[in-house]
Amino acid sequence: MEPTTAQPVLDNAAPARPRSLVLWRLLAMFYDFWPVLALWMLVSTAFTLGFFLAGHRSRENIAPFSPLQWLLWLCCWLVAGIYATASWRRGGQTLGMRPWRLRLQDMKGDRPSWGALWARYAAGTLSLLAGGLGFWWAFFDRERLTWHDRLSGTRLVRVEKSRR
């Protein structure tokens, strides 16, 4: 009889902690920055043309911290939000999430609701404004979730490589 080298399986073994996806999230955000920047340029062009056609034909720009500039920032935030939430709702991925095989889903594994997606986007924005603390939180969280994951009831998962 030959000796076996197999280890016994323990029934009470704790499940492995999920891997942190912070690096993949940051890489996906870097990729997504470029289409969002293009959308911001379109919005800014529309504001600049409107400002010019409204009679400000001199070389002055929209004044810093003016109501018009705050409206421009709000429109840019909304356009980026539409890009993100529509991408997440349609296929669970933005363009930047595809190369890294990341997919957004709710805690049950289903497609998140529009409300959850907008809550996620708003909380992610606040997390970034706080120096990314909500993202870095995933290193300490038991389930490796960020603040915006927890708030919206969603999670990012890494999809297996597709076999061609």
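Between R89 and F139, residue separation times 0.36 nm minus the direct Cα-Cα distance comes to 15.4 nm. Distance between the modelled labels on F51 and R98, one decimal in nanometres: 3.4 nm (7 Å Cα→Cβ projection).
A straight line joining the Cα centroids of the stretch 68-102 and the stretch 125-164 runs 16 Å. So which trypsin sites (Lys or Arg not before Pro) in the stretch 43-91 end up in coil per DSSP with only 13 or fewer other C-beta atoms within 10 Å? Passing both the DSSP loop test and the Cβ count: R57, R59. Packing, as the average of other Cβ atoms within 10 Å across residues, places the peptides 70-81, 38-49, 112-123 in the order 112-123, 70-81, 38-49, highest first.
No value in this document is a laboratory result; all are computed from the given coordinates. Keep in mind that this is a model prediction, so the values were computed, not measured. Counting neighbours? That spans all protein chains shown, and the Cβs are built from the backbone with ideal geometry, glycine included.
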